[in-house]
Amino acid sequence: MSRIATRFHALKKEGRKALIPYITAGDPYPDATVELMLAMAEAGADVIELGVPFSDPMADGPVIQKAAERALAKKIGMVQVLDYVRGFRARNTTTPLVLMGYANPIERYDQLHGAGADESAFVRDAAAAGVDGVLVVDYPPEECEAFAARLKAKQLDPIFLLAPTSTEQRMKDVGRIASGYVYYVSLKGVTGAGHLDTDAVARMVPRIQAHVQVPVGVGFGIRDAQTAIAVARVSDAVVIGSRIVQLLETQTRDNVVPAAAAFIAEIRAALDTLKGAPA
C-alpha cells in the first residue's frame with residue numbers, strides 16, 4: 001500500500017479520523033517550511049498538503065492567494081517545493097505528503113526538465129523526492145487519465161476534488177481514477193469563504209462514498225475544533241488550509257513553528273474525542 005493508504009488503514013483500525021493540514025510552500029518564511037511540516041506531523045497531522053505557489057489560482061480565496069504571492073515574490077517554484085519535500089523526507093519517512101496546486105507549474109517543470117510522450121519529469125522527480133500524492137485543481141478526471149496513469153506507475157496517488165455541484169457522472173469518473181483519498185470541497189466558491197453547512201456535508205458524503213472506493217476528506221470552511229468535529233463525524237478526514245495560513249502569516253519567525261504545532265495539536269485532540277464513533 002502507499003503511505004496514504006497505509007495511514008488511512010491504520011486510522012480506520014483505531015477508529016480515528018484523519019487530520020490533513022495545508023500550508024503554502026515558502027510562506028510565510030521560506031526557511032521555515034520544512035520545520036513547519038515536521039512540527040505538524042509531530043503534533044498529529046496524518047497527511048500534509050503542501051501548496052505549490054501559482055500566480056493565477058482559480059479556487060483559492062484571498063488568504064491562500066496572498067500566501068502564494070508572497071512565496072512567488074521570494075522565488076519559490078516547483079524546484080524549491082521538491083527541495084522542501086526532500087528535506088522533510090530526510091527526517092520523516094512515514095507521514096504522507098501531497099502536493100496541491102495547478103497544471104501550469106507542473107507543465108512548465110516538464111518543459112524545463114525534460115519530458116517525453118510517455119513520461120513526466122515532474123512525476124519522476126516528485127516520486128524520487130518522496131511525494132505520495134498529487135492534487136491538481138484544474139486537471140479534471142476526464143482530461144488527465146494519462147497523467148494519473150503516470151502517477152500510479154510511480155506509486156503516487158492522483159487525488160481529485162468534488163464539490164456540491166458535482167454530478168453523479170463526475171463522481172463516477174473520479175471514483176474510477178482516484179486513489180489515496182478524495183477531497184470534497186464543502187462550499188461553493190473559493191477557499192476560506194462562506195458558512196460551513198454540516199448538514200449539507202452529511203447528505204453529500206454518502207453520495208460520494210457510493211461511487212468512490214477511497215476515503216473522503218472534507219475541506220473549505222473548517223476553522224476550529226468545533227467545525228472540525230462536526231465534519232469528522234460524517235467523513236473520513238478533515239482538511240484545514242486557510243485558517244492555518246491565516247494564523248501563520250501573523251507570526252514572527254521564532255513563533256511560526258510553535259503556533260502551527262499548537263493549532264494542529266488542538267484540532268487533533270478534538271478529533272480524538274470521536275475515537276471509535278462511526279462515520
**Q.** Whichever residue in the range 1-57 is among the polar types (S, T, N, Q) and assigned to a loop (DSSP other than H, G, I, E, B) and, among such residues, is nearest to D157 (Cα to Cα)
**A.** S2
**Q.** Candidate set from the range 1-18 (those that are farther than 20 Å from G130 by Cα and charged (D, E, K, R)); member that is surrounded by the most Cβ atoms within 10 Å (Cβ to Cβ)
**A.** K17
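Which of the following residues is in contact with a strand residue (DSSP E or B) (Cβ under 8 Å, 6 or more places away or on another chain), hydrophobic (A, V, I, L, M, F, W, C) and either over 22 Å from A41 (Cβ atoms) or open to solvent by 30 Å² or more (accessible area, probe 1.4 Å) (or both): A200, A148? Step through it out loud before you land on a result.
Details: A200 fails: in contact with a strand residue (DSSP E or B) (Cβ under 8 Å, 6 or more places away or on another chain).
None of the other options fit; the residue is A148.
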Q: Return the total of residues in the range 246-256 being of a type in the set (A, V, I, L, M, F, W, C) and either open to solvent by 30 Å² or more (accessible area, probe 1.4 Å) or within 19 Å of the chain's Cα centre (by Cα) (or both).
A: 2
Q | Filter result for the condition that a residue is modelled with pLDDT under 95, outside any strand (DSSP E or B) and at positive phi, over G189, G180 | A | G189
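Pick out the one residue from M100, M78 that is of a type in the set (A, V, I, L, M, F, W, C), open to solvent by less than 80 Å² (accessible area, probe 1.4 Å) and in contact with a helix residue (DSSP H, G or I) (Cβ under 7 Å, 6 or more places away or on another chain). Walk me through it before giving the result.
Working: M100 fails: in contact with a helix residue (DSSP H, G or I) (Cβ under 7 Å, 6 or more places away or on another chain).
Exactly one of M100, M78 is of a type in the set (A, V, I, L, M, F, W, C), open to solvent by less than 80 Å² (accessible area, probe 1.4 Å) and in contact with a helix residue (DSSP H, G or I) (Cβ under 7 Å, 6 or more places away or on another chain), namely M78.
Do we have V212 as assigned to a loop (DSSP other than H, G, I, E, B), at pLDDT 90 or above and either under 21 Å from Q169 (Cβ atoms) or out of contact with any helix residue (DSSP H, G or I) (no Cβ under 9 Å at 6 or more places or on another chain) (or both) here? Write out each step before concluding.
Working: assigned to a loop (DSSP other than H, G, I, E, B): yes; at pLDDT 90 or above: yes; either under 21 Å from Q169 (Cβ atoms) or out of contact with any helix residue (DSSP H, G or I) (no Cβ under 9 Å at 6 or more places or on another chain) (or both): yes.
Considered against the rule, which asks whether it is assigned to a loop (DSSP other than H, G, I, E, B), at pLDDT 90 or above and either under 21 Å from Q169 (Cβ atoms) or out of contact with any helix residue (DSSP H, G or I) (no Cβ under 9 Å at 6 or more places or on another chain) (or both), V212 comes out as yes.
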Q | Sole residue being open to solvent by 60 Å² or more (accessible area, probe 1.4 Å), closer than 23 Å to A45 by Cβ and of a type in the set (D, E, K, R), chosen from D118, D83, D60 | A | D83
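Based on this model, can you work out whether A225 counts as under 18 Å from the mean Cα position of the chain (by Cα) and in contact (Cβ under 8 Å) with a residue 40 or more places away in the chain? Give the steps one after another, and end with the answer.
Working: under 18 Å from the mean Cα position of the chain (by Cα): no; in contact (Cβ under 8 Å) with a residue 40 or more places away in the chain: yes.
Here the answer is no, as A225 does not meet what is asked.
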Q: Filter the range 19-57 for residues that are open to solvent by 40 Å² or more (accessible area, probe 1.4 Å) and at pLDDT 95 or above and give the result.
A: Y29, P30, D31, E35, E42
Q. Exactly one of (1) closer than 23 Å to D31 by Cβ; (2) over 17 Å from the mean Cα position of the chain (by Cα); (3) of a type in the set (A, V, I, L, M) is unmet by A230. Its number?
A. (1)
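The values are calculated or read from the model by the stated rules, or taken from the named source; none is laboratory data. Every value quoted in this text rests on a predicted model; they were computed, and no experiment measured them. Quick reminder, even Gly has a Cβ in these numbers, built from the backbone with ideal geometry, and neighbours come from all protein chains shown. Heavy atoms of the whole protein, side chains included, go into the accessibility calculation; ligands, DNA and RNA do not. Shrake-Rupley method; radii C 1.70, N 1.55, O 1.52, S 1.80 Å.
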